[in-house]
Amino acid sequence: METELQSLIDEARTDLQSAADIQSIEQLRIAYLGRNGRITAILRRVGSLPPEERPKIGQLANAAKQQISQLIDQRTEALTKTKAAETPSPSLDISLPGKRTKLGHIHPLTATVNRVVDIFAHLGFDLMEGPEIESEYYNFISLNMPDSHPARDMQDTFYINDKTVLRTHTSPVQTRTMEQIEPPVRVVAVGKCYRRDADASHSPMFYQIEGFAVDVDITMADLKDTLVTFAHMFFNADVKTRLRTSYFPFTEPSAELDVECAICNGAGCRVCGHSGWSELLGCGMIHPKVFEHVGYDYEKFSGFAFGMGLDRVTMAKHSIDEIRLLYENDLRFLEQF
C-alpha cells in the first residue's frame with residue numbers, strides 16, 4: 001500500500017500539470033480528495049490491515065492527502081497569476097479632456113471686510129480687535145448708556161448672565177482702546193456682533209466695523225470728508241450720499257450716512273423701505289461722557305466715531321436683496337461672485 005500511495009501522488013502531480021483551468025483543478029481535487037476520491041478509498045481500507053500496520057499506513061495516507069492538497073493549491077496559484085498577467089490592463093486615452101478641480105474663492109462678505117479695512121488703512125486708521133463676549137460696562141455704560149437709558153431698548157441683546165452679553169456692536173473696542181492709548185488715535189475694529197433681530201436686512205449675527213479718530217480740533221467736517229471719501233472708494237466716484245441727523249447716546253451731534261439704493265437706483269423697494277436710500281452707517285462726534293469714562297480731556301480733544309454693518313454694505317455693493325443669502329452657503333448664490 002505504501003507503493004500505491006507514492007504512485008497516487010505522482011499521478012496527481014502529472015494530472016495537475018496538465019490542468020488548463022481552475023475548473024479542471026477542481027475536478028481533480030474531487031477525484032483525489034473528495035468523499036469518494038482515491039485517497040479516501042485507501043483510508044477506508046486501513047481498518048482491514050493487521051493492527052501492527054495500521055498506524056504506519058494511516059500516517060502515510062494522511063501525508064499523501066496533505067501533499068496532494070498542497071499540489072492543488074500551488075497549481076491554482078500558478079494558473080491565477082498566469083491569467084492575471086495575460087489580462088490586458090485598461091489603456092489610458094490621453095486625448096480625453098481632463099477633469100478640472102473646482103477652485104474656491106473669497107466669500108463676498110469676507111471680500112467686503114478686507115476691502116473696507118484696506119480703505120481705512122489707506123486713510124490712516126489702525127486695526128484693533130476686542131472680545132465678542134462683553135461686559136455691560138463696555139457694551140453700554142462706558143458708551144453713555146446706563147441701565148435706565150432708553151437707547152438700551154433699541155438693542156435686543158443676548159445676555160450670558162446679568163452682567164455679561166454678546167456684544168451688540170463693535171463700539172466697546174472704542175473705549176477699550178482709548179483707555180490704553182493717548183490721543184492722537186485713529187482706529188477701526190471689525191468683528192461679529194449679535195442682536196435678536198431677523199428680517200430681509202437684519203441677521204441675529206452680523207459683521208460690523210467701528211471707526212473713530214481723536215485729536216485736537218477734529219470737527220464734523222473731518223467726519224463727513226472721511227466717510228464720503230470711503231463711499232467713493234468702496235462703491236464708485238459717482239455714488240450719491242447724504243448725511244441726515246440722527247441720535248446715538250455715545251455721539252453728539254449724531255448723523256447717519258445713506259447711499260442711493262443699489263437695488264432700485266433710488267426708485268424705492270422693500271430693501272430700502274421704499275425711500276430710495278440705503279442706510280450705510282451711523283456716526284457723530286464722540287460724546288464728552290465717553291471721554292470722561294476713558295480719562296480724556298474733552299475740553300482739549302475732540303473726535304468722531306462711526307459704526308457700519310458690513311453685511312448691509314455687501315448687500316448695497318452687490319445689489320443683494322436678502323441678508324440670509326450671505327449665510328446659507330448656497331453655491332448657486334456664491335458662484336456668482
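Just so it is clear, none of the values below were taken in a lab; they were calculated from the coordinates. Here the structure is a predicted model, which means the values were calculated and not measured. With ideal geometry, Cβ positions are generated from the backbone for all residues, glycine too; neighbour counts draw on all protein chains shown.
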TODO: Mind sorting Thr101, Thr245 by how few other Cβ atoms lie within 10 Å of their own Cβ, fewest first?
DONE: Thr101, Thr245
Task: Principal axis box of region 97-236, alpha-carbon based, largest edge first, Å - done: 69, 40, 28
Task: Sites Asn62 and Leu92 - FRET efficiency at Förster radius 35 Å, r taken between beta-carbons, to 0.05 - done: 0.10
Task: Relative exposure of Val117, Val313, judged by other C-beta atoms within 10 Å (fewest first) - done: Val117, Val313
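In percent, how large is the relative contact order of the chain, given Cα pairs closer than 8 Å and 6 or more residues apart?
Averaging sequence separation for qualifying contacts and normalising by length gives 14 percent for the chain.
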Task: Estimated 222 nm signal from helices in the chain, with DSSP H stretches of n ≥ 4 weighted -39500 (n - 2.57), rounded to 500 - done: -12500 deg cm²/dmol
- [ ] Can you check what the net charge comes to around Phe120, using other residues whose Cβ is under 15 Å from the Cβ of Phe120 (Lys, Arg +1; Asp, Glu -1)?
- [x] -4
- [ ] With unit charges on the beta carbon (Lys/Arg positive, Asp/Glu negative), name the residue among Ala316, Pro51, Tyr207 whose Cα is farthest towards the positive pole of the charge dipole of the chain.
- [x] Pro51
- [ ] Give me Arg244, Arg35, Arg13 ranked fewest to most by other Cβ atoms within 10 Å of their Cβ, as a rough exposure proxy.
- [x] Arg35, Arg244, Arg13
Task: Using θ = phi - 60° and Karplus 6.51 cos²θ - 1.76 cosθ + 1.60, couplings along region 116-132 (whole Hz; Gly, Pro as x) - done: 4, 4, 4, 5, 6, 5, 5, 8, x, 9, 8, 9, 10, 10, x, x, 7
Task: Cα-based convex hull volume of region 2-85 per residue, rounded to whole Å³ - done: 69 Å³
- [ ] Mind checking which lysines have their Cα closer than 20 Å to the Cα of Lys289? Skip sequence neighbours fewer than 8 apart in that chain.
- [x] Lys300
TODO: Would you mind pulling out the separation of the Cα centroids of region 11-69 and region 281-337, in Å?
DONE: 91 Å
Open item on the list: Quick check for me: using +1 on Lys/Arg Cβ and -1 on Asp/Glu Cβ, what's the dipole size of region 201-337 about its Cα centre, in debye to the nearest 20?
Closed with: 340 debye
Open item on the list: Under 19 Å between alpha carbons, and skipping anything fewer than 8 positions from Lys240 in its own chain: which lysines qualify?
Closed with: Lys224, Lys317
Task: aspartates and glutamates with Cα under 13 Å of Lys192, excluding same-chain neighbours fewer than 8 positions away - done: Glu129, Glu132, Glu134, Glu210, Asp311
Open item on the list: What is the angle, in °, between the Cα long axis of helix 54-86 and the longest principal axis of the Cα atoms in the chain? Nearest 10 is fine, range 0 to 90.
Closed with: 50 degrees
Task: Equivalent-ellipsoid semi-axes of the chain, from the Cα gyration tensor, Å, largest first - done: 90, 26, 18
